[in-house]
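This report concerns only the one structure given below.
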Amino acid sequence: MAFAAFSSTAPSATAAPSTDPVARRRSPVALFLLLPGILYLVLFFLTPLVSLLLTSFQSPREFGDIGQFDYAFRWQNYVEVVTTYWPHIVRSFSYALAATFFALLISYPLAYFIGVKARKWPLLQSLMLVLVIAPFFISFLLRTLAWKQLFSDESFVVQSLKALSLLGPEAHVTGTAFSVIFGLTYNFIPFMTLPLYTTLERLDVRYLEAGNDLYASPFQVFRKITIPLSMPGIVAGTLLTFIPAAGDYINASRDFLGGTGTQMMGNVIEANFLVLQNYPSAAALSIILMTVILVIVSIYVKRSGTEELL
Amino acid sequence: MTIGAFADRGADLQLVGIEKRFPGFTAIENLNLTIPAGSFFALLGPSGCGKTTTLRLVAGLEEPTGGRILIGGADVTNQKSFQRPVNTVFQSYALFPHMTVLENVAFGLRRRKIGDPVAKAHEALLLVELDHLAHRRPQQLSGGQQQRVALARAIVNRPALLLLDEPLGALDLKLRRQMQLELKTIQEEVGLTFLHVTHDQEEAMTMADIIAVMNKGRIEQMGEPQQLYELPKTAFVANFLGQSNLFTGPVVSTTGTAIAVDVSGQKIVVPLERAHRVSGAVTIGVRPEKLTLHDVAPTYSDGRNVLGPGRVIDVSFSGVSTQYLVAVPGIGTLVVFAQNMAFGPAAHVGAEVWLSWNVNHGFGLDDDPTDAPRFEADLDTKTIAQQRRSSLITEFEEA
Amino acid sequence: MKLSLGKWLLPVYSGLALLFLMIPIGYTFVYSFNDSLKSNITWRGFTFDKWLNVCNVQNGAVCQAFGNSLFIGAVATVAATTLGTMIAIAIVRYRFKFRSQTSLLLFLPMATPEVVLGAGLAAQFLSLGVPKDMLTIILAHTMFCISFVVVTVKARVASLDPALEEAGRDLYGSAWQVFARITFPLLLPGILAAALLSFALSFDDFIITNFNSGAVTTFPKYIYISAARGIPAEANVLASAVFILALVVVVTVQVSGAAKARRLAKLS
């Protein structure tokens with residue numbers, strides 16, 4: 001529903017007149033409007049990150065219980081989590097990358113059809129849009145569980161695949177890298193499709209016609225005109241998919257689509273924090289996850305030339 | 001004058017030493033202006049000349065960096081927009097989309113707690129002949145109708161001063177002509193002071209009693225439309241208000257009634273009372289419609305200036321008249337408007353022609369020719385850049 | 001032949017993609033009618049029972065969790081929408097120092113994985129000794145909703161013609177009257193969209209909740225906990241009911257919007 005609004009990050013940021021400071025005035029009212037919200041974010045977003053950073057250097061209390069730590073500068077925490085959990089770190093980012101790729105592959109044609117081809121039929125267009133956002137209306141966890149059950153060993157799908165010998169008799173679908181990436185892809189398709197749709201919906205078809213007129217083949221028109229013009233949507237969509245996918249732990253959880261061999265960083269952070277009460281390790285992993293994502297995001301945004309997106 | 005009461009008549013507006021600076025540039029420099037009560041005053045200029053900023057200063061939507069604003073003698077410089085007896089018809093009309101036409105018109109009355117706002121709003125709508133649409137939403141009206149609602153919403157408050165910010169810009173030509181006449185009629189009917197900002201010289205000349213031509217934050221010339229047209233003071237006015245053929249040269253002789261200027265060896269006479277400068281290098285000019293084409297050299301006579309021979313380089317027919325471009329060696333290209341009194345052009349491209357005009361139709365500018373280039377207005381790169389910037393700023397303000 | 005294939009490829013592909021999106025939703029809906037026992041995995045026959053007696057299972061634990069989610073969503077939505085709308089207006093309309101820092105602070109929560117947000121808050125509550133309960137969940141949800149509200153409302157403020165507010169001031173409206181009668185009504189659609197978005201985000205959030213909920217159970221958390229031993233069909237009932245309700249709201253808004261547009265087109 002209102003997710004469509006989120007994808008409007010790009011256009012609102014590129015609306016040049018409103019970003020020019022000349023048109024705006026200084027006023028004490030601004031402070032009154034900003035202060036409560038900014039203060040809130042400082043208290044409940046920024047300082048938690050700082051306390052996460054502090055926690056990540058804590059050392060276990062001597063003779064203390066499980067879950068009791070003291071503030072210290074124990075940088076070895078980072079070395080330990082990297083040596084212990086490097087497969088999870090690699091898995092997180094490679095699964096997220098794969099899911100982003102597949103989501104883009106599925107979403108781009110869909111968004112193109114809704115945003116460009118379906119313009120002639122506004123009712124069809126809005127119906128399809130409702131279907132794209134429909135998954136938001138039903139619990140994320142239940143949708144993922146539905147796939148788990150659809151892919152369970154006794155399910156019709158798996159039985160049929162086995163009958164056709166496309167799957168070995170002992171093989172499973174759930175608990176594999178495939179099912180985790182599948183789940184991530186499925187869950188983030190709407191996040192990919194909506195920003196793509198908002199940029200493609202604005203795409204002036206006359207540019208494509210001009211391209212055709214200037215001797216470009218349909219493929220060349222797509223590569224040289226459509227793709228560059230929809231870049232803001234592509235960047236917004238891939239970020240909206242990659243970031244939550246890298247930090248997700250529902251799909252990879254053993255109770256959902258994952259197994260022992262598919263655990264991601266999110267699973268380890270959850271386990272260390274909530275079960276093992278090994279707070280410094282969980283914090284160190286969180287800091288690593290966030291840092292890597294921020295580095296990737298800033299490089300990606302710079303390279304794709306869509307800095308105004310931020 | 002208090003906000004709770006109607007102004008019984010239009011008030012005069014005085015701007016004293018107004019200055020407005022935006023971060024990084026100056027929009028208005030030392031502007032002094034008096035608009036008499038009850039007049040229809042037009043502020044005319046190209047985009048970015050500071051006219052919209054002037055209007056916004058009067059409306060109280062912008063604060064001057066320096067100077068004072070007086071309405072009916074009272075200093076309103078420090079009053080907020082909603083405290084001033086001034087109303088504006090916005091360029092985009094700015095009709096509230098979430099209210100009906102009637103609610104829009106009654107808005108100001110209700111804020112001022114004036115009795116019986118609904119009846120008064122209906123009256124105002126009757127005046128603009130839109131009372132039958134009172135319960136529509138603004139977006140259900142055509143552009144011309146919206147414009148009239150915006151006008152009704154402003155005049156219903158009987159402001160001492162009504163500001164019009166290019167209110168006709170969005171209308172097509174025919175509707176614009178019609179609205180020009182209607183606006184003028186309404187102004188005469190209600191007797192308010194109108195301050196009209198526009199870049200359309202024709203609109204300004206049709207409607208206004210007095211026009212001030214503004215350029216680069218300064219007023220170039222002010223006066224009645226006909227006076228401005230017949231006797232422009234600067235090259236900018238001569239070319240912004242209609243077109244002009246301008247020539248530069250030294251004054252070679254002066255009599256009691258006229259001066260003679262040497263323009264590339266040809267003597268051109270301008271009456272003394274029509275010349276702003278009477279010695280040294282001067283710029284003189286004549287309007288294109290005042291020129292007559294001759295296919296043989298006319299006999300020189302006292303009453304006419306003659307230039308030529310020249311060659312016709314372009315002929316374009318525009319219905320009522322035909323425009324000729326004539327290249328005169330040593331002088332440049334002149335524009336001639338000739339009424340189409342007979343079928344077919346009076347001269348064809350390539351023809352050799354002479355030009356003449358009544359000595360009394362020429363005018364001499366106040367500009368010092370050393371810094372006023374001949375045919376172009378004054379658009380050097382720097383000016384264009386500055387105008388571009390200020391027009392952008394105006395856009396931002398309006399957006 | 002090749003031409004007609006090219007013509008049909010995209011619509012068919014799009015149709016299949018949408019079908020793919022619908023599969024788990026359909027599954028969840030169908031299994032809300034399953035005459036299941038404790039867990040709802042195998043199909044045991046059709047029944048309306050679960051819809052009629054939603055709150056009767058496990059002493060109403062599902063409904064308890066559902067109610068918690070509604071309450072948390074409502075409070076967090078009001079808080080986040082208020083704070084976010086104020087920021088959005090300030091960003092579009094005013095000049096102030098630390099502008100880029102402010103934008104970064106608003107962007108970062110959206111670029112931070114939920115697990116980091118959740119763990120960070122939990123670490124802070126832990127070190128301050130704040131017990132985790134309903135309040136900590138609401139505080140957390142408000143935090144991650146603010147940025148989304150700002151983005152949504154900002155677009156609306158930016159598209160609002162400042163001349164409308166100037167006209168209000170010109171027509172003798174004081175600052176407060178202009179806000180109440182012009183700015184706010186015109187921003188309302190954007191604010192409502194932001195509120196809906198906040199509610200949806202809060203209602204469906206699991207990851208951040210899981211870190212900051214202590215003993216309180218929300219609807220997603222209930223599902224997560226039950227996932228190991230099987231989820232009762234009542235959860236499907238509630239989820240399906242929410243789905244249908246949301247769908248009805250969205251379709252009504254879309255249809256009435258389309259009808260309004262047609263009416264306007266006819267009039268002009």
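The values are calculated or read from the model by the stated rules, or taken from the named source; none is laboratory data. Computed from a predicted model, the values in this text were never measured in an experiment. Because the Cβ atoms are built from the backbone with ideal geometry, glycine has one as well, and the counts that use them run over all protein chains shown.
General observations
- Residues (surrounded by fewer than 21 Cβ atoms within 10 Å (Cβ to Cβ) and facing chain A (nearest Cβ under 7 Å)) located in the range C:87-102: C:Y94, C:R95, C:F96, C:T102
- Condition check for B:S318: at pLDDT below 90, more than 26 Å from B:P271 (Cβ to Cβ) and surrounded by 16 or more Cβ atoms within 10 Å (Cβ to Cβ): no
- Search result, residues across the range A:147-165 that are under 22 Å from C:P24 (Cβ atoms) and either hydrophobic (A, V, I, L, M, F, W, C) or assigned to a loop (DSSP other than H, G, I, E, B) (or both): A:W147, A:L150, A:F151, A:S152, A:D153, A:E154, A:S155, A:F156, A:V157, A:V158, A:L161
- Exclusive hit being of a type in the set (G, A, S), more than 8 Å from chain C (Cβ to nearest Cβ) and part of a loop (DSSP other than H, G, I, E, B), set A:A271, A:A252: A:A252
- Residue within the range C:111-125 that is over 25 Å from A:T291 (Cβ atoms) and either within 12 Å of chain A (Cβ to nearest Cβ) or at pLDDT below 90 (or both) present: no
- Qualifying residue in the range A:284-300 (condition: polar (S, T, N, Q) and not in a helix (DSSP H, G or I)): no
- Hey, B:K113 among the basic types (K, R), farther than 18 Å from B:T193 by Cα and more than 9 Å from every other protein chain (Cβ to nearest Cβ) or not: yes
- Condition met for C:T209 (at pLDDT 85 or above, polar (S, T, N, Q), in the same structural domain as C:V151 (by TED's automatic domain parsing) and in contact with a Ser or Thr (Cβ under 7 Å, 6 or more places away or on another chain)): yes
- Segments classed as helices (runs of 4 or more DSSP H), wholly inside the range C:97-174, with at least 2 members that are within 27 Å of A:Q277 (Cβ to Cβ) and assigned by TED's automatic domain parsing to the domain that holds C:T81: C:114-128, C:134-158
- Of residues in the range B:325-349 being of a type outside the set (A, V, I, L, M, F, W, C) and in a loop (DSSP other than H, G, I, E, B), the one modelled with the lowest pLDDT: B:G344
- In the set A:L43, A:L54, only one residue is farther than 23 Å from A:V81 by Cβ, aliphatic (A, V, I, L, M) and modelled with pLDDT of 90 or more; that residue is A:L43.
- Take the conditions (1) in a helix (DSSP H, G or I); (2) without any contact (Cβ under 8 Å) to a residue 60 or more places away in the chain; (3) under 23 Å from C:Y94 (Cβ atoms); (4) not hydroxyl-bearing (S, T, Y); C:L192 misses just one of them, which is (3).
- Residues of the range C:184-197 classified as among the hydrophobic types (A, V, I, L, M, F, W, C) and either surrounded by 23 or more Cβ atoms within 10 Å (Cβ to Cβ) or within 12 Å of chain A (Cβ to nearest Cβ) (or both), total: 7
- Test: residue in the range B:144-162 that is over 24 Å from the mean Cα position of the chain (by Cα), within 9 Å of chain C (Cβ to nearest Cβ) and surrounded by fewer than 24 Cβ atoms within 10 Å (Cβ to Cβ): no
- Taken together, C:R181, C:R169, C:R156 contain a single residue that is among the basic types (K, R) and either within 18 Å of A:L240 (Cα to Cα) or within 11 Å of chain A (Cβ to nearest Cβ) (or both), which is C:R156.
- Of all the listed residues (B:V270, B:V282), the sole one being touching a Ser or Thr at 6+ places or on another chain (Cβ under 9 Å) and buried (at least 19 other Cβ atoms within 10 Å of the Cβ) is B:V282.
- The residue pairs whose first member lies in the range A:206-226 and is assigned to a helix (DSSP H, G or I), whose second member is of a type in the set (S, T, Y) and crowded, with 16+ Cβ neighbours inside 10 Å, and whose beta carbons are closer than 7 Å, counting only pairs six or more residues apart or on different chains, are A:L208/A:T226.
- Where A:L53 falls short, out of the listed (1) surrounded by fewer than 17 Cβ atoms within 10 Å (Cβ to Cβ); (2) more than 14 Å from chain C (Cβ to nearest Cβ): (2)
- Only one of A:Y71, A:Y112 that is among the aromatic types (F, W, Y) and crowded, with 17+ Cβ neighbours inside 10 Å: A:Y112
- From the list C:V30, C:V12, C:V75, C:V62, the lone residue that is touching an Asp or Glu at 6+ places or on another chain (Cβ under 6 Å) and aliphatic (A, V, I, L, M) is C:V62.
- Test: residue in the range C:254-262 that is more than 9 Å from every other protein chain (Cβ to nearest Cβ), closer than 18 Å to C:S69 by Cβ and either crowded, with 21+ Cβ neighbours inside 10 Å or modelled with pLDDT under 85 (or both): no
- Index of the failed condition, B:P138 passing every other in (1) in contact with a Ser or Thr (Cβ under 7 Å, 6 or more places away or on another chain); (2) under 14 Å from C:A163 (Cβ atoms): (1)
Yes or no, residue by residue, for (1) surrounded by fewer than 16 Cβ atoms within 10 Å (Cβ to Cβ); (2) closer than 21 Å to A:F102 by Cβ; (3) at the interface with chain C (Cβ under 9 Å from one of its Cβ atoms):
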| residue | (1), (2), (3) |
| --- | --- |
| A:F140 | no, yes, yes |
| A:V158 | no, yes, no |
| A:L164 | yes, no, no |
| A:L184 | no, yes, no |
